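The values are calculated or read from the model by the stated rules, or taken from the named source; none is laboratory data. None of these values were measured; they are calculated from a predicted model. Glycine also receives a Cβ, built like all others from the backbone with ideal geometry; neighbour counts cover every protein chain displayed.
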Amino acid sequence: MPLTPMAVTHELKCIRCAYVLRGLPVTGACPECGRLVMLTLVETLDLPSQTLAQPRHAKRLARGLLTIGAGILLWTVGTTAPPAGRELVEYFSGRPPADSLASYLGVSLSLIGIVLLSIGSVQLSRRDDRVLLAETRNAGRWLTAGVGIWAVGAAMAVIAAIVGLDRFVRISADGITYSSLAVQLLGASIAAQGLRTYVTVLGRRCRRFRHAGSARQSIEAMLIAGAIALVASLGASVLPQPFYADLALFLAVIGFLSGGLLLMGAVYLLVNFGWIRSILESPPPTLESVVHVIGLESTAESPN
C-alpha cells in the first residue's frame, strides 16, 4: 500500500516570498513564487548540522561567545578612537592636545572590554561539556592564556593613565602606551588561536560554517590590521621632526585607516557571533518535526 507524499506540518516560510508552506507536499512548489518546497527545507533545516552532537550547555556557550564579541568591540573602540582623535587634532591645530576626558574614557572602555572578554572566556572554556571538550581540545587554554596576557597589557594602560607609570620607569608616556598595546596584541594573537577553534566548532551548527567562516576571517583580518596600526603609529611618533614630517604623516594616516579596519572587523565579528548565538539558542527544527506522512492511500486489498 503506497503512501501519499510527505507534507509540511511546521510554520515553514518560503525562503523567497515568506509564504507559509504548511500543508503543502514536500515535493511541491510554493503557490506564490514557484520556489520548490524542498529547497526551502534544505536551507531552513540545515541538515548537515543535525548530524552533530549538540553541546550540553548551548545557551551558556552562546552567551559566552556574544560576550566575547561585545568585549572585543568595546576594547577596539577604546584603543583606536582616542589615538585617532589626538592625531587628527594635532594635524589640524598644529600642536599636540592635552590629556582629556576622551583618553580616560578610551582606557575605561578598553578595560571594560577586557573584563567582558574574561567573562566570556570562562563561559567557553569550562570543562563540563564532554562533546565540546573533545572537539576543542586545548583551545580553552589558549583562549584563557591569551586573555590573561591581554589583561596585563590593559592594566599597564590603566596604571599609566591614572597614576602615571612614566614616573617610576625611564620610559616616555608614548613608550608605555605602545608597549601596552604590543602586549595586548600579543595576548590577542594567542587568544585568537583558541577562539578560532571555538568559532569553527560552534559554527558547525550555523548554516554549514557560513557565519563561522566569516567570523574566522574577521579575527585574522583584525590581527593583521592591529599589527599594521601599531607599527605605523609607533613609526609616526618616533620619527624625528621636522626632517621626516611627510613620512610621519603618511604613517599616521596608515595607522588611522588600519584602526578603522580594526573597528569594522570588530562590528562584523559581533554580527557573526550573533548569528551563531541565535542558532545555538534556537536550533533549526528537525526533519521529523517539519514533515510527516499524511496517511495511507487506501486500506482496500490490492488485486492479485
I119 fails exactly one of (1) closer than 14 Å to G194 by Cα; (2) at pLDDT 85 or above, namely (1)
What are the pairs, 6+ residues apart or on separate chains, where a residue within the stretch 147-161 that is assigned by TED's automatic domain parsing to the domain that holds S110 has its Cβ under 9 Å from a residue that is not in a helix (DSSP H, G or I)? A161/D99
Here are some conditions: (1) at pLDDT 85 or above; (2) under 33 Å from the mean Cα position of the chain (by Cα); (3) among the aliphatic types (A, V, I, L, M). L47 meets all but one. Which one does it not meet? (1)
Of all residues being surrounded by 14 or more Cβ atoms within 10 Å (Cβ to Cβ) and in a helix (DSSP H, G or I) in the stretch 282-304, which is modelled with the lowest pLDDT? Just the residue, please. L287
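Only residues that are touching a residue at least 24 places away in the same chain (Cβ under 8 Å) and crowded, with 18+ Cβ neighbours inside 10 Å: list them for the stretch 27-50, please. Before you say what the answer is, go through the steps one by one.
Start the filter on the stretch 27-50 by keeping residues that are touching a residue at least 24 places away in the same chain (Cβ under 8 Å), which leaves 37, 39-41, 43-50.
Passing the criteria: V37, T40, L41, L45, D46, S49.
Look through the stretch 234-245, keep the residues that are modelled with pLDDT under 80 and not aromatic (F, W, Y), and return whichever of them is surrounded by the most Cβ atoms within 10 Å (Cβ to Cβ). Before you say what the answer is, go through the steps one by one.
Of all residues in the stretch 234-245, those modelled with pLDDT under 80 come to 236-245.
Still in the list and also not aromatic (F, W, Y): 236-242, 245.
Working: A236: 20, S237: 18, V238: 14, L239: 17, P240: 8, Q241: 7, P242: 8, A245: 11.
Filtering first and then ranking leaves A236.
With respect to G255, determine if the residue is part of a helix (DSSP H, G or I) and under 19 Å from A81 (Cβ atoms). So that I can check it myself, show each step before the final result.
On the way: part of a helix (DSSP H, G or I): yes; under 19 Å from A81 (Cβ atoms): yes.
When the stated conditions are applied, G255 passes them.
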